[in-house]
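Below: the structure, in structure tokens.
Readers should treat all values here as calculations from the given coordinates under stated rules, not as data from a laboratory. Note that the structure is a prediction, hence the values are computed from the model and not measured. Backbone-built Cβ (ideal geometry, glycine too); neighbour counts: all protein chains shown.
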């Protein structure tokens, strides 16, 4: 079952991705125009995040991380393991693998990369994010870095694929602007912004 699922995913990644259409479902129309601006992406800092699939309790899961509260634009948000590309990283896939090991303790030799999803621009922090899709070859034993991560959230794919998990609430932004924003409700956690947009593309890929 595992091999068949992964093989199907690999095949899907050789076809045109759901991309902007799927990502745009989880943001505001006006913001989406900025998120996909090629010129801004070309000038942005590079970062990589990892969508790590693993089998547990009869279903597929991915790890999400809850950030600590701090003085920054992404304080207290739920995110995928990942971060800024270091000069020592060969590419953003290596960035995603390194950051995953640092944040949740899963070493890269236990991970097989499947491919990449669509790049996304994050205006508040001026990052172009590349999501890497991979799976754990063995059941992961997480070792969370408490300095980097406040809480590990094991998100079942079945929850993300459930339309009832998509909700909306009024969000306040740093510039004083507020609006209703869509989000995934994952075990009571609000997953919104770039992370929700990336997961929306994953869901579209799986549903297709």
May I ask you to compute the full-extension gain from residue 90 to residue 39, defined as 0.36 nm times their residue separation minus their alpha-carbon distance, rounded to one decimal in nm?
16.1 nm
Computed from the beta carbon distance with a Förster radius of 30 Å, FRET efficiency for residue 168 and residue 125 to the nearest 0.05 stands at 0.80
Per 0.36 nm of contour for each residue apart, how much would the distance between residue 207 and residue 137 grow if the chain were fully extended, relative to their Cα-Cα spacing?
22.9 nm
Could I have the simple spin-label model distance between residue 108 and residue 57, label points 7 Å from Cα toward Cβ, reported in nm to one decimal?
3.1 nm
Ordered by fewest other Cβ atoms within 10 Å, a rough proxy for footprinting exposure, 87, 119, 162 read 87, 162, 119
How much mean residue ellipticity at 222 nm does the chain get from its helices, if each DSSP H run of length 4 or more adds -39500 (n - 2.57) and you divide by all residues, to the nearest 500 deg cm²/dmol?
-8500 deg cm²/dmol
Using alpha carbon centroids, what distance separates segment 41-58 and segment 140-161, in Å?
13 Å
Calculate, in nm to one decimal, what residue 144 and residue 180 gain on full extension: separation in residues at 0.36 nm each, minus their alpha carbon distance.
9.7 nm
Please find, in a Gaussian network model of the chain (springs between Cα atoms separated by less than 10 Å), the residue of 24, 193, 59 whose mean-square fluctuation is greatest.
59
Rounded to the nearest 5, what % of DSSP beta bridges with both residues in the chain are antiparallel?
80 percent
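Decide, for the chain, between rounded, prolate and oblate: order the square roots of the alpha carbon gyration tensor eigenvalues as a ≥ b ≥ c, take rounded if a/c falls under 1.5, and otherwise choose prolate if a/b is larger than b/c, else oblate. Don't skip to the end; give the middle numbers.
On the way: a/c = 1.30, a/b = 1.23, b/c = 1.05.
It is rounded, given that a/c, with a ≥ b ≥ c, falls under 1.5.
What order do you get for 45, 170 when you list them from fewest to most C-beta neighbours inside 10 Å? Can you show the working numbers first?
On the way: 45 12, 170 8.
With the sparsest Cβ surroundings first, the list reads 170, 45.
Using Cα pairs under 8 angstrom and six or more residues apart, how large is the relative contact order of the chain, in percent? Each step should come with its number before you reach the end.
Details: 393 pairs, mean separation 56.5, N = 208.
Averaging sequence separation for qualifying contacts and normalising by length gives 27 percent for the chain.
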